[in-house]
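Asks: Got a structure for you, questions after.
The values are calculated or read from the model by the stated rules, or taken from the named source; none is laboratory data. All values derive from a computational prediction rather than experimental measurement. No Cβ is skipped: glycine too gets one built from the backbone with ideal geometry, and neighbour counts run over all protein chains shown. Note: accessible area is taken over every heavy atom of the protein model, side chains too, but ligands, DNA and RNA are not part of it. Shrake-Rupley method; radii C 1.70, N 1.55, O 1.52, S 1.80 Å.
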Amino acid sequence: MYFYTSGYGDYIYYCNYDKELTVLEKYLSPGATYLRQFGKFLYATNEIPGKATAFKINDDASLTLLNEVYVGGDSPCHLSFNEDGSLVYIANYMSGTTSILNILQDGSLGEISKIIDHTTFASPSKVYPKRQDTAHAHYAEYIDGNVWVCDLGLDMVLVINGEGQAIAQYKAPAGSGPRHLVFNNKCQMVYLICEMGNIVVPLSIDYLSLRGRHLPTLPDNLPTHSDSAAIRISPGGNFLFASNRGKSSDSISVFSLNKDGSIYGLDSTVPTYGKCPRDFIFAPTHDKVLVACQESNKVNLLDWEEKTGTLSYAGLFVEVDQPTCVLFPNL
C-alpha cells in the first residue's frame, strides 16, 4: 500500500506503507495543505500561492503533474467534487469564499465557474478580532447538489445550493470557530469540530439542528489552550475521533457513539507523540491511523482496535516537511 502526505513545505510525498514507512518520491507542489482524490486523479489546494494543482495517479500510485491554476481566492485549504468530477469546490480561508472550478475531461483544472462570498450570508463574529474580523472558509464539501461550508470567521455552518443561496445554517457558539464536518449517514447525523472552542457538536443532517450537547475535545485536567483540527468516524462506526493541537495537548480524543449516532462521551485522549496533529486518516486495513504532525515534521503511525476502542502509538514514523494532510489512494 501507499499513501500521500503534504503540507506547508514544498512537496507532496509519495510514501510506502508497509512494515516501515518510507518516502518513495516527492513532487514539487508548494503549500499543498489539503489533498483529495477523484477517480484516477489527485488534487491539492496550494494554500500559500493561492492555487490548486491536478495530478494523474499512475497504476503504481506515483503521480504525474497535469496543471496548476489560481483559484480566485487566498489560502485555499479544502476541496471536494460534484458527482461526476466535472466541478471542484474550494474553500479559501483568508478570502472567506468558496470557489467553483471546472475540471476538464483529462482531469486537469479549468476555469473558475463561480466564487461565493460568505460575507453575503452573515457578519463576522469578531469575538476574536485577529481571527474573526472577516469570513474565513475552512471547509467546502459537496453533497447531493449542495455545498456544506464551515466558516471560522462567521461562527457558522452553511448549506449552499447551486445558485449560491444559503438554504440551511447553524450558528455555532460565539468564538468557537467551526472547522470541519464528518457525516454519519446511517443515523442522519453530522458532527462539527470547532477549532477555537475545542468542542464537538452533533447536528441533524436534515435541518442542521442540535442533536445533543456540545462536548469538549479535552478533559478538564488538560490545558485549555488548544486548537482542534481534524474529525473522523472510526471504520466500524462505533467511535468519533478528534485531534487537538497545543503545547501540552497534542493528542487524539476518542468518543463512543451510541447506535442512534448520539455521542456517549469522551473515552480517552491519546498523545500523538508529535506536535500539532493537523490531520489523520485510518488505513484501509482499519487497524492503523496515520497522523500528520505538522510541527514535528513527521507522520506517525498509531494502532487502533475497534472492539476495545484502544488507540496507541505504534512506534513508527516517516520524516517529511510540515505535513498537514494524509491520504491513502483508492487504486
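Asks: Hey, among the residues in the stretch 1-12 that are of a type outside the set (A, V, I, L, M, F, W, C) and open to solvent by less than 20 Å² (accessible area, probe 1.4 Å), which one's nearest to Asp321 (Cα to Cα)?
Replies: Residue satisfying both the conditions and the ranking: Gly9.
Each row is one residue, and each column tells you yes or no for (1) under 16 Å from the mean Cα position of the chain (by Cα); (2) within 22 Å of Asp10 (Cα to Cα).
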residue	(1), (2)
Ile233	yes, no
Asp260	no, no
Asp279	yes, yes
Lys288	no, no
Val291	yes, yes
Ser296	no, yes
Glu306	no, no
Asp321	no, yes
Cys325	yes, yes
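Asks: Taking the condition in contact (Cβ under 8 Å) with a residue 60 or more places away in the chain and either more than 20 Å from Thr324 (Cβ to Cβ) or buried (at least 17 other Cβ atoms within 10 Å of the Cβ) (or both), does Leu79 pass?
Replies: Spelling it out, Leu79 is indeed in contact (Cβ under 8 Å) with a residue 60 or more places away in the chain and either more than 20 Å from Thr324 (Cβ to Cβ) or buried (at least 17 other Cβ atoms within 10 Å of the Cβ) (or both).
Asks: Here is a further query. Please state which one of Phe317, Phe328, Phe239, Phe280 is of a type in the set (Phe, Trp, Tyr), out of contact with any Asp or Glu (no Cβ under 6 Å at 6 or more places or on another chain), open to solvent by less than 10 Å² (accessible area, probe 1.4 Å) and within 25 Å of Leu35 (Cβ to Cβ).
Replies: Result: Phe280 is the single residue among Phe317, Phe328, Phe239, Phe280 that is of a type in the set (Phe, Trp, Tyr), out of contact with any Asp or Glu (no Cβ under 6 Å at 6 or more places or on another chain), open to solvent by less than 10 Å² (accessible area, probe 1.4 Å) and within 25 Å of Leu35 (Cβ to Cβ).
Asks: I've got another one for you. Looking only at the stretch 52-62, filter to residues that are out of contact with any Pro (no Cβ under 7 Å at 6 or more places or on another chain) and buried (at least 20 other Cβ atoms within 10 Å of the Cβ); which one of those is farthest from Thr98 (Cα to Cα)?
Replies: Phe55
Asks: Which one is farthest from Ala230 (Cα to Cα) among residues in the stretch 273-299 that are part of a strand (DSSP E or B) and aliphatic (A, V, I, L, M)?
Replies: It comes out as Val299.
Asks: Might you check whether a residue that is farther than 23 Å from Val127 by Cα, hydrophobic (A, V, I, L, M, F, W, C), out of contact with any Lys or Arg (no Cβ under 8 Å at 6 or more places or on another chain) and not in a loop (DSSP other than H, G, I, E, B) occurs anywhere in the stretch 187-203?
Replies: There is at least one residue in the stretch 187-203 that is farther than 23 Å from Val127 by Cα, hydrophobic (A, V, I, L, M, F, W, C), out of contact with any Lys or Arg (no Cβ under 8 Å at 6 or more places or on another chain) and not in a loop (DSSP other than H, G, I, E, B).
Asks: Counting only residues that are closer than 22 Å to Met156 by Cβ, give me the strands (runs of 3 or more DSSP E) lying completely in the stretch 39-109 with at least 1 of them.
Replies: Strands (runs of 3 or more DSSP E) meeting the threshold: 41-46, 76-81, 87-92, 97-103.
Asks: Let me ask something additional. State all residues of the stretch 194-211 that are of a type outside the set (D, E, K, R) and either more than 17 Å from Asp267 (Cα to Cα) or without any contact (Cβ under 8 Å) to a residue 12 or more places away in the chain (or both); if no residue qualifies, say none.
Replies: Selection gives Cys194, Met196, Gly197, Leu203, Ser204, Ile205, Tyr207, Leu208, Ser209, Leu210.
Asks: Output the residues belonging to the stretch 111-124 that are crowded, with 17+ Cβ neighbours inside 10 Å and farther than 24 Å from Ile205 by Cβ.
Replies: Of everything in the stretch 111-124, those that are crowded, with 17+ Cβ neighbours inside 10 Å and farther than 24 Å from Ile205 by Cβ turn out to be Ile115, Pro124.
Asks: Next question. Among the residues of the stretch 126-148, what is the count of those that are under 12 Å from Thr98 (Cβ atoms) and of a type in the set (A, V, I, L, M)?
Replies: Result for the stretch 126-148: 4.
Asks: If you check Leu42 against the conditions, is it modelled with pLDDT of 95 or more and open to solvent by less than 10 Å² (accessible area, probe 1.4 Å)?
Replies: So Leu42 passes the test.
Asks: Also, quick follow-up: Anything in the stretch 46-95 that is of a type outside the set (Val, Ile, Thr) and at pLDDT below 95? List them, or say none.
Replies: Pro49
Asks: Right, another one. Where residues in the stretch 283-314 are more than 15 Å from Glu20 (Cβ to Cβ) and among the aliphatic types (A, V, I, L, M), which of them is surrounded by the most Cβ atoms within 10 Å (Cβ to Cβ)?
Replies: Ala292
Asks: Please identify the pairs in which a residue from the stretch 255-270 that is over 18 Å from Val291 (Cβ atoms) and open to solvent by less than 60 Å² (accessible area, probe 1.4 Å) has its Cβ atom under 7 Å from the Cβ atom of a residue that is in a strand (DSSP E or B) and charged (D, E, K, R), counting only partners at least 6 apart or on another chain.
Replies: Matching pairs, first to second residue: Ser256/Asp267.
Asks: How many residues are assigned to a loop (DSSP other than H, G, I, E, B), open to solvent by less than 50 Å² (accessible area, probe 1.4 Å) and in contact with a Pro (Cβ under 8 Å, 6 or more places away or on another chain) if we restrict to the stretch 125-161?
Replies: Residues in the stretch 125-161 being assigned to a loop (DSSP other than H, G, I, E, B), open to solvent by less than 50 Å² (accessible area, probe 1.4 Å) and in contact with a Pro (Cβ under 8 Å, 6 or more places away or on another chain): 7 in total.
Asks: May I pose another question? Test Ser99 against the stated conditions and say whether it is under 23 Å from Thr119 (Cα atoms) and modelled with pLDDT of 95 or more.
Replies: yes
Asks: Name every residue in the stretch 20-38 that is more than 22 Å from Leu301 (Cα to Cα), open to solvent by less than 40 Å² (accessible area, probe 1.4 Å) and either part of a strand (DSSP E or B) or among the hydrophobic types (A, V, I, L, M, F, W, C) (or both), in order of residue number.
Replies: Tyr27, the sole residue that qualifies.
Asks: Given (1) farther than 24 Å from Tyr128 by Cα; (2) β-branched (Val, Ile, Thr); (3) buried (at least 21 other Cβ atoms within 10 Å of the Cβ), identify the lone condition not met by Ile231.
Replies: Single failed check for Ile231: (1).
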